[in-house]
1. If you roll a 1.4 angstrom probe over the protein chains with everything in place, what fraction of the accessible area of region 182-264 belongs to carbon and sulfur, to the nearest %?
2. In whole Hz, with x marking every Gly and Pro, tabulate ³J(HN,Hα) for region 218-226 from phi via Karplus 6.51 cos²θ - 1.76 cosθ + 1.60, θ = phi - 60°.
3. What net charge do the residues around L246 carry, taking every other residue with its C-beta under 13 Å from that of L246, with Lys and Arg at +1 and Asp and Glu at -1?
4. Given H placed 1.01 Å from N in the peptide plane, which residues other than close sequence neighbours of S235 have an amide H under 5 Å from its amide H?
5. Give the residues of region 131-147 whose amide nitrogen is closer than 11 Å to a point set 7 Å from the Cα of Q276 in the direction of its Cβ.
6. Kindly report the accessible area of region 156-201 per residue (heavy atoms of protein chains, probe 1.4 Å, no ligands, DNA or RNA), in Å².
7. What is the ratio of the Cα radius of gyration of region 89-195 to 2.2 N^0.38 Å, where N is its residue count, to two decimals?
8. Between Rg and the Kirkwood Rh of region 199-251, both from Cα atoms, what is the Rg to Rh ratio?
Amino acid sequence: MSRYDSNPFEDEEVNPFADQGKAKAKGSGQSNYGGGAFYMQNPTSVPPAALSPLPHEPYDRGATIDIPLDNGKDLKSKEKELQAKEAELKKREQDLKRREDAISRAGIVIEEKNWPPFFPIIHHDIATEIPIHLQKMQYVAFTTLLGLFACLLWNIVAVTTAWIKGEGPTIWFLAIIYFISGVPGAYVMWYRPLYRAMRTDSALKFGWFFLSYLIHIGFCVFAAVAPPIIFKGKSLAGILPAIDLLGDHALVGIFYFIGFGCFCIESVLSIWVIQQVYMYFRGSGKAAQVKREAATRTMMAAL
């Protein structure tokens, strides 16, 4: 081999005849060059030397929930205000309780108007306030009140037809008076006393009911007959004016006959009601209680 020939280890990665320092430097350069070529062929990859830690996310201390803290004086003042309001509420509750107790001792019952549902004008709740064994009687008594309303309303219709046929306006005005005074009067005079008597079991209210209901029955019987006492009796649709009008005005006579039937049914139901209430009144011992109360009132009045 000639000394001018080329070095056979020139293409080797490490030349054993080269200086060790230069070989290391050359090897280091080739290694780096090879790594750069690798990352050039893979552009999506990042060399490890190029990675750097992500910066820390800034921590915003102002983003925390701001809860205002009052000082001691504000807390004490608010506590005093709350205590004052609590004391005032307790005082109002005590006053209200004293008033309710006074009302209950006086026997005053606050009644909320609930009937009829579309236009409440009276208090009426049989299913809740009346004992179960008395509800049937109370319902039938209420039926007689509604029946009186229907009878007097139909009486206006019948008398109106008679007025149209030439009987004069006087009987029509009387029929209006019967209706306006009869229905509210019946409620005040006998139905409400019976309702309260059934609810509170008051002997005095039972006595007032009997007196007023007898007048009611007498009026119904009188209206069913309608004798010619007041304005020839034609202001009430009874049997006598029906017979009188049937010959001249058949339609008016039929209207009066219907009124006669209504007053008859009302009279029969009313008699049944007063009979049942009286049987309960006697059986429960209320009659003796009324006698004792009457005797006591008489003695006190005498003294």
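1. Values: 2850 of 3710 Å².
Reported share for carbon and sulfur atoms: 77 percent.
2. These are the phi-based 3J(HN,Hα) values: x, 5, 5, 5, 4, 5, 5, 8, 6 Hz.
3. On the way: positive: K165, K234; negative: D244, D248.
With Lys, Arg at +1 and Asp, Glu at -1, the neighbours total 0.
4. none
5. Once the point is set 7 Å along Cα→Cβ of Q276, 133-144 turn out to lie under 11 Å by backbone N, inside region 131-147.
6. Details: 2130 Å² over 46 residues.
Using a 1.4 Å probe on heavy atoms only, each residue of region 156-201 averages 46 Å².
7. Details: Rg = 20.6 Å, N = 107, 2.2 N^0.38 = 13.0 Å.
Cα-based Rg divided by the globular estimate yields 1.58.
8. 1.29
The values are calculated or read from the model by the stated rules, or taken from the named source; none is laboratory data. Computed from a predicted model, the values in this text were never measured in an experiment. We place every Cβ from the backbone using ideal geometry, glycine too, and count neighbours over all the protein chains shown. These accessible areas exclude ligands, DNA and RNA; they are computed on the full protein's heavy atoms, side chains included. Shrake-Rupley method; radii C 1.70, N 1.55, O 1.52, S 1.80 Å.
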